[in-house]
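Note sheet for the following structure.
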Amino acid sequence: MTPDLMDAGAERLARHEHDGMPGERTESGGRAAGYGRPATPGEVDVTHGRILYLEDVSVSFDGFKAINKLSLDIAPGELRCVIGPNGAGKTTMMDIITGKTRPDEGTVYFGSTIDLLRHKEAEIAQLGIGRKFQKPTVFEQLTVFENLELALKTDKGVKASMLFSLDSEQSDRLAEVLHTIHLADSVSRMAGNLSHGQKQWLEIGMLLMQDPKLLLLDEPVAGMTDEETARTAELFLHLKGKHSLMVVEHDMSFVRTISEIVTVLCDGSVLAQGTLDEVQADERVIEVYLGR
Ligand SMILES: Nc1ncnc2c1ncn2[C@@H]1O[C@H](COP(=O)(O)OP(=O)(O)OP(=O)(O)O)[C@@H](O)[C@H]1O
């Protein structure tokens, strides 16, 4: 994070503490939420009001700039929606945050101290950034319970996994996650027999077992029924605050239900940002995306 931004964040934090006014927008439009907690070892330092911060990030593939001086930031506990036309760079942005793609230039920070560009993909997951791809990737031959249990074992070796059993804290977490993802009644069902929406929720539950601080979700409601979509909206609204979420989605009615701030990406950078009403009224957004 640049010194300027850190100073600006610290000033804003001091103002909030003085005014007792949480919920102001960040410079890039994000909603600042509950970030006044001092950092302790092992936690992400969000004392400057950012859980994720990208500045001037660019990446080219064979000379084509898929991400072009992209800057954005997300406040702790925020639920940010990202929309934009096909090829805008949404997936590539998530690839950069999660360490799958290395940018050619730019800054990517998790909190104010963790330089994500210094970490490998697996380390970034362990730092507390969970990613959900569009297609569900649950273990179809295992039960809902076993899938969730397995999510706790991913960083263990084969032998440790075989001897693994849940401690009481993990059992409590599993029960809580089951409830959160609306699958408490399906704990013994094979994942392969779940509906598409339920599989998506199960995969989100597997991420939640790791208690991620930031969740990146790529088109989570694609292919869901209206009822499943509505329940997913409830789920995300339940998760925000405790977790920070970045949701890429084309379904505008879903975005309307869950969004506070919407970022519109186009040609690898931010074209517009604001409430859904604000970006929907923006001529540039209508031209490149909504007016299609
Ligand atoms: N590994 C790669 N090699 C070459 N080009 C790539 C690569 N990854 C992405 N691109 C190109 O970068 C651009 C951005 O792609 P990206 O998948 O990030 O867009 P998107 O906004 O996620 O689109 P969609 O909404 O269709 O998923 C596209 O033109 C894509 O073809």
## Note on the structure
The strands (runs of 3 or more DSSP E) lying wholly within the stretch 206-274 that contain at least 1 residues that are closer than 21 Å to G291 by Cα are 244-248, 262-266, 269-274
### Message
So in the stretch 72-97, with the set limited to residues that are small (G, A, S) and more than 13 Å from the ligand (Cβ to nearest atom), which one is surrounded by the fewest Cβ atoms within 10 Å (Cβ to Cβ)?
### Response
G77
### Message
For the structure I just gave you, tell me whether V46 is at pLDDT 50 or above and either assigned to a strand (DSSP E or B) or at positive phi (or both).
### Response
no
#### Entry: Checking V138 against (1) within 16 Å of the ligand (Cβ to nearest atom); (2) under 23 Å from F236 (Cβ atoms); (3) not in a strand (DSSP E or B), the condition it does not meet
(1)
### Task
Being more than 16 Å from the ligand (Cβ to nearest atom) and buried (at least 21 other Cβ atoms within 10 Å of the Cβ) is the filter here, so list the residues in the stretch 103-113 that pass it.
Y109, F110, G111
#### Entry: Positions within the stretch 253-275 being surrounded by fewer than 20 Cβ atoms within 10 Å (Cβ to Cβ) and over 23 Å from D95 (Cα atoms), in sequence order
S253, R256, T257, E260, G274, T275
### Options V264, V248: the member that is modelled with pLDDT of 95 or more and farther than 28 Å from E123 by Cα
V264
### Task
Tell me which of these K240 doesn't satisfy, since it passes every other one: (1) over 23 Å from I51 (Cα atoms); (2) of a type in the set (D, E, K, R); (3) in contact with a Leu (Cβ under 7 Å, 6 or more places away or on another chain).
(1)
### Query
Cβ-Cβ below 7 Å, separation at least six or inter-chain, first residue in the stretch 151-178 and over 14 Å from L208 (Cα atoms), second part of a helix (DSSP H, G or I) and modelled with pLDDT of 60 or more: which pairs?
D155/Q126; L166/E149; L166/L174
### Query
When you go through (1) surrounded by 21 or more Cβ atoms within 10 Å (Cβ to Cβ); (2) near the ligand (Cβ under 9 Å from one of its atoms); (3) farther than 16 Å from V262 by Cα one by one for V57, which number turns out not to apply?
(2)
#### Entry: Filter result for the condition that a residue is outside any loop (DSSP other than H, G, I, E, B), touching a residue at least 12 places away in the same chain (Cβ under 8 Å) and either surrounded by fewer than 24 Cβ atoms within 10 Å (Cβ to Cβ) or away from the ligand (no atom under 11 Å from the Cβ) (or both), over K69, K100
K69
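The values are calculated or read from the model by the stated rules, or taken from the named source; none is laboratory data. These numbers come from a predicted model, not from an experiment. A quick note on method: Cβ atoms are made from the backbone with ideal geometry, for glycine too, and the neighbour counts reach across all protein chains shown.
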